[in-house]
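*Asks:* My questions all concern the structure below.
The values are calculated or read from the model by the stated rules, or taken from the named source; none is laboratory data. The shown structure was predicted, so the numbers you read here are calculated from the model rather than taken from an experiment. Note that we place each Cβ from the backbone using ideal geometry, even for glycine, and neighbour counts take in every protein chain shown.
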Amino acid sequence: MAIIVDQNKALSTSPLKISAPLGAALAFMGMNGCLPMFHGSQGCTAFALVMMVRHFREAIPLQTTAMNEISTILGGMDQVEQGLLNIAKRAKPSVIGVISTALTETRGEDMAGELKVIRARHAELADIAVVDVSAPDFAGALETGWGKAVTAIIRQLVVPAAPLPAMGKQVNLLPGCHLTPGDVAALKDIIADFGLEAVVLPDLSGSLDGHVPDQYVPTTLGGTEVAAVKSMGRAQLTIAIGEHMRFAARALEEKTGVPFLLLDRVTGLEAVDRLMVCLSNVAGVPVPARQRRARSQLVDAMLDGHFYFGGRAVAIAGEPALLSTYARLVSELGGRIAAAVTTQALPCLGDLPVERVVVGDFEDLEEQISDAGGCDLLIANSNGRQLAHRLSVPLFRAGFPVFDRLGAAQMVSAGYGGTRDLINQLGNLLMDCPGHNHEEHSHGHATAAAG
Amino acid sequence: MLKRKIQELMNEPACSVNQGKSTDERKKGCGKALVPGAAAGGCAFDGAKIALQPITDVVHLVHGPLACEGNSWDGRNSWTTGSDLYRRGFTTDLGNLDIIAGGEKKLYRAIKQAIQRHQPPAVFVYQTCVGALIGDDIEAVCKAASSRLGTPVIPVNAPGFAGSKNLGNRLGGEALFDHVIGTVEPSDAGPTDINILGEYNVAGELDQFRPLLTRLGIRLRTSITGDARYADVAAAHTARANMVLCSQALVTLARKMKEKWGIPYFEGSFYGISDTSDALRNIARMLVERGADPALLSRTEALIAEEEAKAWARLAPYKPRLAGKKVLLYTGGVKSWSVIQALQEVGMEVVGSSVRKATNEDKRKALERLGDDEEKLADAITPRDMYAMFKEGRADMMLSGGRSQFVALKARTPWIDINQERHHGFAAYDGMVSLVQQIDLSINNPIWAQIRAPAPWE
């Protein structure tokens, strides 16, 4: 059991938190033919856009209503209207997400109501799905915005249950924002192995997997089709991954009657076992041979790898779902969580195998590590690099943003195979460094080397 | 108050774009109106931060909700040779309750904690849209904090909705003029001290020209603000001459420094070989006019002759490797025309150059170097047209900022970053050689042949 400490500091130093509107924009990146727009100042968009570009190394379609002083005072609905019309004309998207920011939410605008009026006025918007999301920066963080956007897409686009007959093979997958495009692709493969068809919302593996299209595309390069979203009511089951997807999964259930299973993670032997049992039940087939083999490979990786984790101190900073995933995996391999810092005080964090979870920033992480007498490995996004350098410990980059490594989008930690690869990567870092307290562990290393 | 400041900045008499405008045009202000749904670029807060963040030893504290600092800290590529305090992100991270109750008390506590913890020579406090909207008076808080805590606390009033990034650059300059420059009297002011305005030490570029100045016995008091220390910026009023690098950002500051402290200035560039030489000549001339040893002029000419010869000699080997290659230059302002010459010197053909942020003078110079071919100067090229240029082989590579990189890369075309996120310095003689070297490495990389060939089954 962990104590959750939320100090609510006046001065946040080296923030860990990424803003909620960015999370919402990221979710829209997983819709095909989409071009989302922030309702805020130009800078709101510019900062989010640059950060996503640096992480994914891809063009990011994201626009702005470019609020100015006058529209801030008088109200910004003219800006929204102009923005929608310009986007419709220039990019011909199938979906536009309109995402509020702290600026417009502080002012207070009835976006949903005004959008209805705007749409009624303009026939050219008739064929475009316009989804509005309220995701102010001052409430929650990346996960919050992502969850709100997925919920809004479901509420505004999914067709209610009655007219849709259930399709025996369909399941819905609602991945959390801690899963990479690579993770989503891996989960789709697993689901396909059971002979099931997945509607994934949002599907970053179609848009931000890093590929070269044959022509210039001003919108997202792929992702979930609007038609597929509409048909989510046909599924037998919705699988949601990460606590922040609970609202979205529930919204889908309320609208369509499709029941949901919420998995806190899909990394780690037992966690993936739960996913397999669930898919096997839904599909009515035994777990396929390929997955059984992958499981066996994971078991072997745990046998080979546990030497390097046993007793080692690992510090983790990340959004709640990411923190949970890594903290549980490390402790399942015998590692100790020396420090855990996250962005929001969620009750589910109380179950983590750590003494305390601090809601804070990289300065808090530094203090926690110092209180714990140091650590052997740091797991955080790229903004942990200054701290890792000061402490002379390796940094394993996970979460968002990862801007100083190649392949952030392709990193896989989901499924048996993803867990195996992750154990190997973390194990290699731990093997490389003798540790901050290495006499204690030298025996373990000698055994491993001899073995 | 902010409104008056913006009006004044828009009317800048020393701005060469403004000089070419009628009174009515000037009143409309500069920069194009921001078009919803078709806008690109940062806000005024972003601009102010870019202009001031490179001051390395102070706390830069952003008073606003998370996104303003949380989504951008440590993301700009200004290097330091001293303190790295500026690389930490500080913010009041305004939440729901702060917005209801007001954030002034939280801001004061944040300033106090930052001073206690880091003992900086100063704290810069940045206003944001939300801080302004809820009516937090950062100037009053900064004033109270300065007097009670004994450390200068500088308000930077450039909320995002005030306008463009460029406007923010200027508002940043205003904060320095109003609150910083002239507040420290140095004990070591000398006859050959200069400041360079609008230089941000991106990728360590300062050290591509600072050594040249040192060889001439010229001391850079401070760059505003690349690799700057607070005390040096505060003493910038004792310099004998100012060079303005990015004219549209800080020319107002240069003019005001001239009016208040009599420091003459000129607009110049360290991008390009002859531009670097011109800049050095101008610096030397101004210092001599203000009483420095006249021998500085001949020493400068000797250094220029030596360095130019060395640079051209180092560029020569690239000619056969780059001759005839067509390059598209897509960047704002000064960089365009001054880089064209160097590219042409190694035999490359500049097939287009954007003059989006350029002054009339910039445009004239660029046009001269492009053989008066107006077609080659574009205000803006749409990504779709740009993509077509690469696909149809009308350009072999692009030099631009990160924003447009994927248009080139997805068209399987070489690209080099010449904007603020770049990782190589391209300033002065060494920098121009380095740019050509990077172009060679990029355009002659073996990947292009492989990745452009169709798959065997196509």
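*Asks:* In segment A:207-222, which residues are of a type in the set (S, T, N, Q) and modelled with pLDDT of 95 or more?
*Replies:* Hits for segment A:207-222 are A:Ser207, A:Thr219, A:Thr220.
*Asks:* Also, quick follow-up: When the residues of segment A:249-264 are narrowed to those that are touching a Lys or Arg at 6+ places or on another chain (Cβ under 8 Å) and in a helix (DSSP H, G or I), which ends up nearest to A:Pro160 (Cα to Cα)?
*Replies:* Restricting to residues being touching a Lys or Arg at 6+ places or on another chain (Cβ under 8 Å) and in a helix (DSSP H, G or I), the top hit is A:Lys255.
*Asks:* Return a yes/no flag: does segment A:275-282 have any residue that is farther than 28 Å from A:Leu426 by Cβ, in contact (Cβ under 8 Å) with a residue 60 or more places away in the chain and not acidic (Asp, Glu).
*Replies:* yes
*Asks:* Further, regarding this structure: In the list A:Leu157, A:Leu115, which residue meets the criterion of being under 30 Å from A:Phe194 (Cβ atoms), touching a strand residue (DSSP E or B) at 6+ places or on another chain (Cβ under 7 Å) and either away from every other protein chain (no Cβ under 12 Å) or touching a residue at least 40 places away in the same chain (Cβ under 8 Å) (or both)?
*Replies:* The unique qualifying residue is A:Leu157.
*Asks:* What pairs can you find where one residue is in segment B:441-458 and polar (S, T, N, Q), the other is surrounded by 10 or more Cβ atoms within 10 Å (Cβ to Cβ), and their Cβ atoms are less than 8 Å apart, with a gap of 6+ or different chains?
*Replies:* Final answer for the pair search is B:Ser442/B:Met397; B:Ser442/B:Pro414; B:Ser442/B:Trp415; B:Ser442/B:Ile416; B:Asn444/B:Arg321; B:Asn445/B:Pro414.
*Asks:* Something else now. Pairs please, first residue from segment A:226-251 and on the phi > 0 side of the Ramachandran plot, second anywhere and of a type in the set (A, V, I, L, M) and at pLDDT 95 or above, Cβ atoms under 6 Å, 6+ apart in sequence or on different chains.
*Replies:* Listed pairs, sorted by first residue: A:Gly242/A:Ala321.
*Asks:* Something else: So, of the residues in segment B:370-402 that are in a loop (DSSP other than H, G, I, E, B) and either touching a helix residue (DSSP H, G or I) at 6+ places or on another chain (Cβ under 6 Å) or within 18 Å of B:Thr331 (Cβ to Cβ) (or both), which turns out to be modelled with the lowest pLDDT?
*Replies:* Per the criteria, the residue is B:Asp379.
*Asks:* Assess whether A:Glu109 counts as being under 23 Å from B:Asn96 (Cα atoms) and more than 12 Å from chain B (Cβ to nearest Cβ).
*Replies:* Taking the combined requirement at face value, the residue satisfies it.
Table: residues versus (1) away from chain A (no Cβ under 11 Å); (2) modelled with pLDDT under 80.
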{"site": "B:Met10", "(1), (2)": "yes, yes"}
{"site": "B:Cys43", "(1), (2)": "no, no"}
{"site": "B:Lys49", "(1), (2)": "no, no"}
{"site": "B:Pro54", "(1), (2)": "yes, no"}
{"site": "B:Asn71", "(1), (2)": "no, no"}
{"site": "B:Gly82", "(1), (2)": "yes, no"}
{"site": "B:Asn96", "(1), (2)": "no, no"}
{"site": "B:Ile99", "(1), (2)": "no, no"}
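*Asks:* Would you say A:Leu187 is among the aliphatic types (A, V, I, L, M) and in contact with a Pro (Cβ under 6 Å, 6 or more places away or on another chain)?
*Replies:* no
*Asks:* Where residues in segment A:66-84 are surrounded by fewer than 24 Cβ atoms within 10 Å (Cβ to Cβ), more than 7 Å from chain B (Cβ to nearest Cβ) and over 18 Å from B:Gly168 (Cα atoms), which of them is modelled with the highest pLDDT?
*Replies:* The qualifying residue modelled with the highest pLDDT is A:Glu81.
*Asks:* When segment A:218-248 is examined, which residues are found to be in a loop (DSSP other than H, G, I, E, B), more than 14 Å from every other protein chain (Cβ to nearest Cβ), within 17 Å of A:Leu204 (Cα to Cα) and not small (Gly, Ala, Ser)?
*Replies:* Within segment A:218-248, A:Glu225 is the sole residue that qualifies.
*Asks:* Same structure again: May I ask you to verify whether A:Gln42 is facing chain B (nearest Cβ under 8 Å), within 23 Å of the chain's Cα centre (by Cα) and under 26 Å from A:Ala129 (Cβ atoms)?
*Replies:* no
*Asks:* What's the number of the only condition in (1) among the polar types (S, T, N, Q); (2) within 16 Å of B:Pro159 (Cα to Cα); (3) modelled with pLDDT under 95 that B:Thr92 fails to meet?
*Replies:* Of everything listed in (1) among the polar types (S, T, N, Q); (2) within 16 Å of B:Pro159 (Cα to Cα); (3) modelled with pLDDT under 95, B:Thr92 misses just condition (3).
*Asks:* Separate question: Just to be sure, is A:Gln63 crowded, with 23+ Cβ neighbours inside 10 Å, under 22 Å from A:Asp209 (Cα atoms), facing another protein chain (nearest Cβ under 9 Å) and polar (S, T, N, Q)?
*Replies:* Criteria met by A:Gln63.
*Asks:* Of these, A:Asp371, A:Asp351, which one is surrounded by fewer than 22 Cβ atoms within 10 Å (Cβ to Cβ) and more than 22 Å from A:Ser14 (Cα to Cα)?
*Replies:* Exactly one residue qualifies, and that residue is A:Asp351.
*Asks:* Considering only segment B:97-131, state which residues are closer than 18 Å to A:Lys9 by Cβ, free of Cβ contacts under 8 Å to residues at least 12 places away in the same chain and of a type in the set (A, V, I, L, M).
*Replies:* Within segment B:97-131, B:Leu97, B:Ala101 qualify.
*Asks:* Do we have any residue at all in segment A:138-156 that's at pLDDT 95 or above, within 30 Å of A:Leu85 (Cβ to Cβ), surrounded by fewer than 18 Cβ atoms within 10 Å (Cβ to Cβ) and not assigned by TED's automatic domain parsing to the domain that holds A:Ala251?
*Replies:* Yes, there is a match, as at least one residue in segment A:138-156 is at pLDDT 95 or above, within 30 Å of A:Leu85 (Cβ to Cβ), surrounded by fewer than 18 Cβ atoms within 10 Å (Cβ to Cβ) and not assigned by TED's automatic domain parsing to the domain that holds A:Ala251.
*Asks:* Could you look through segment B:390-437, keep only residues that are among the β-branched types (Val, Ile, Thr) and under 22 Å from B:Ala449 (Cα atoms), and pick out the one that is nearest to the other protein chains (Cβ to nearest Cβ)?
*Replies:* That would be B:Val407.
*Asks:* Evaluate segment B:290-307: report whether one residue or more is touching an Asp or Glu at 6+ places or on another chain (Cβ under 8 Å) and surrounded by fewer than 16 Cβ atoms within 10 Å (Cβ to Cβ).
*Replies:* Checked against the condition, which is being touching an Asp or Glu at 6+ places or on another chain (Cβ under 8 Å) and surrounded by fewer than 16 Cβ atoms within 10 Å (Cβ to Cβ), segment B:290-307 yields no hits at all.
*Asks:* Starting from segment A:123-139, keep only residues that are in contact (Cβ under 8 Å) with a residue 40 or more places away in the chain and within 14 Å of chain B (Cβ to nearest Cβ), then list their pairs with residues that are surrounded by fewer than 20 Cβ atoms within 10 Å (Cβ to Cβ) and in a loop (DSSP other than H, G, I, E, B) whose Cβ atoms are within a distance under 8 Å, requiring at least 6 positions of separation or different chains.
*Replies:* Partner pairs satisfying both residue conditions: A:Ile128/A:Ser94; A:Ala139/B:Gly95.
*Asks:* Okay, moving on. Out of all the residues in segment A:251-275, which are surrounded by fewer than 23 Cβ atoms within 10 Å (Cβ to Cβ), out of contact with any strand residue (DSSP E or B) (no Cβ under 7 Å at 6 or more places or on another chain) and more than 19 Å from A:Ile190 (Cβ to Cβ)?
*Replies:* A:Ala251, A:Glu254, A:Lys255, A:Gly257
*Asks:* Still on this model: Could you list all residues from segment A:119-134 that are within 20 Å of A:Pro21 (Cβ to Cβ) and either out of contact with any helix residue (DSSP H, G or I) (no Cβ under 9 Å at 6 or more places or on another chain) or assigned to a helix (DSSP H, G or I) (or both)?
*Replies:* Answer for segment A:119-134, where residues must be within 20 Å of A:Pro21 (Cβ to Cβ) and either out of contact with any helix residue (DSSP H, G or I) (no Cβ under 9 Å at 6 or more places or on another chain) or assigned to a helix (DSSP H, G or I) (or both): there is none.
*Asks:* Assuming B:Phe90 fulfils every condition listed in (1) under 27 Å from B:Glu199 (Cβ atoms); (2) surrounded by fewer than 19 Cβ atoms within 10 Å (Cβ to Cβ) apart from one, which condition is it?
*Replies:* (2)
*Asks:* Can you give me the ranges of the helices (runs of 4 or more DSSP H) entirely in segment A:317-421 with at least 2 residues that are within 16 Å of the chain's Cα centre (by Cα) and touching a residue at least 40 places away in the same chain (Cβ under 8 Å)?
*Replies:* Once the helices (runs of 4 or more DSSP H) in segment A:317-421 are filtered for at least 2 residues that are within 16 Å of the chain's Cα centre (by Cα) and touching a residue at least 40 places away in the same chain (Cβ under 8 Å), what remains is A:320-332.
*Asks:* Another question, then. Before we move on, is B:Gln119 under 28 Å from B:Gly204 (Cα atoms), more than 7 Å from chain A (Cβ to nearest Cβ) and modelled with pLDDT of 95 or more?
*Replies:* Spelling it out, B:Gln119 is indeed under 28 Å from B:Gly204 (Cα atoms), more than 7 Å from chain A (Cβ to nearest Cβ) and modelled with pLDDT of 95 or more.
Conditions (1) assigned to a helix (DSSP H, G or I); (2) modelled with pLDDT of 95 or more; (3) hydroxyl-bearing (Ser, Thr, Tyr), marked per residue:
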position: B:Asn166; (1), (2), (3): yes, no, no
position: B:Asn169; (1), (2), (3): yes, no, no
position: B:Gly172; (1), (2), (3): yes, yes, no
position: B:Thr183; (1), (2), (3): no, yes, yes
position: B:Pro186; (1), (2), (3): no, yes, no
position: B:Asn195; (1), (2), (3): no, yes, no
